[in-house]
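Peer 1: Sending over a structure as structure tokens; questions will come in a sec.
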Ligand SMILES: [Zn+2]
């Protein structure tokens, strides 16, 4: 056994018991234990760590701890500039594509609204999520520490907030997402790109009040949903702004640049047909168009 001294910084302290937070503490380490082994043994998922200083020098996850070592551990994306220091990974975590675990569907939808490619599927287990994230180079978003501790997860973020809007704000701040946001460019249901569509192609399926007041529409080629800048759009815009993401003013009810809600069809494999191939019942549902089942939906 060797004894090393650890000090964790900023939000990494959330993973520690109170008596170890924001202070240096000594800890016995198994022989040949690595920095990664000990950091995780102390309760901090390695995916949360951006920088390790071992006796004042940057070190990797595989550094072997020796008697008397001092280990300072920093989280990702702290405000201080770590760019001059060697990071624990060859590539900093800047590929802004995500995979959200099963419990973060609301956050996944909001990330899509903000324009971030976010997969949210029913994976059979944590191992599948981890493998998928590695294969697809996606950042894992989860409230499950054990998932982040998996070896296959090289990039992940532990989400602290419980509500989707707060989760989005937390993530935007932590990963400095605001400059990369592209609001209302992805379908919140399918994660597929939205594209402008001529009013003439969609208006027959629209509720009368929408047809009368809106001229600009977007559509998703996967779910065939039609989106415009209605009340649902306004609510989502408010959530994005609250999270620190700039969103254009509504262009006026008759000159809309962005969009909102449509209605998901029954099947995703529907061909690229006229989105008006809908029954009167389906069209009537467009009256309730903000039908996203997530936290933004009307109650
Ligand atoms: Zn869609």
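Values in this text are rule-based calculations from the coordinates and carry no lab data. Because the structure is a prediction, the values reported are computed rather than measured. Note: ideal-geometry Cβ built from the backbone for every residue, glycine included; neighbour counts use all protein chains shown.
Peer 1: Using a Förster distance of 30 angstrom, determine the FRET efficiency expected from the C-beta separation of residue 234 and residue 103, and round it to 0.05.
Peer 2: FRET efficiency, residue 234 to residue 103: 0.65.
Peer 1: May I ask for the distance between the Cα centers of region 108-135 and region 162-215, given as a whole number of Å?
Peer 2: Comparing the Cα centres of region 108-135 and region 162-215, I get a distance of 18 Å.
Peer 1: With a point put 7 Å past each Cα toward its Cβ, work out how far residue 31 is from residue 57 in nm, to one decimal.
Peer 2: Once both label points are built, they end up 2.5 nm from each other.
Peer 1: Distance from a point 7 Å along Cα→Cβ of residue 41 to each backbone N in region 1-20: keep the residues under 18 Å and list them by number.
Peer 2: 1-8, 16-17, 20
Peer 1: Further question: Provide the FRET efficiency to the nearest 0.05 for the residue 161-residue 5 pair, computing r from the beta carbons and using R0 = 22 Å.
Peer 2: Efficiency, rounded to the nearest 0.05: 0.10.
Peer 1: Shifting gears a bit: Quick one: order 23, 109, 31 by neighbouring beta-carbon count within 10 Å, fewest to most.
Peer 2: Listing 23, 109, 31 from fewest to most nearby Cβ atoms yields 31, 23, 109.
Peer 1: Please pull out the direction-averaged projected area of region 98-180, using the convex hull of its alpha-carbon atoms, in nm² to one decimal place.
Peer 2: That works out to 4.8 nm².
Peer 1: Just the Cα atoms of region 133-257, one point each, no solvent: what log10 I(q)/I(0) does Debye give at q = 0.10 Å⁻¹?
Peer 2: Here log10 of I(q) over I(0) equals -0.43.
Peer 1: Can you sort 28, 180 so the residue with the fewest Cβ neighbours within 10 Å comes first?
Peer 2: With the sparsest Cβ surroundings first, the list reads 28, 180.
Peer 1: Still on this structure, I have one more. Provide the gained length on full extension for the span residue 209 to residue 128, in nm with one decimal, where the gain is 0.36 nm per separating residue minus the Cα-Cα distance.
Peer 2: 24.6 nm
Peer 1: Would you work out the relative contact order for region 2-75, in percent, from Cα pairs under 8 angstrom that are 6 or more residues apart?
Peer 2: It comes to 44 percent, rounded to a whole number.
Peer 1: Sticking with this structure for a sec: Please list, in order, the residues from region 1-22 whose amide nitrogen is less than 15 Å from a point placed 7 Å along the Cα→Cβ vector of residue 70.
Peer 2: Counting backbone N atoms under 15 Å from the label point, the list is 4-9.
Peer 1: I've got another one for you. Can you put 1, 236 in order, fewest other beta carbons within 10 Å first?
Peer 2: 1, 236
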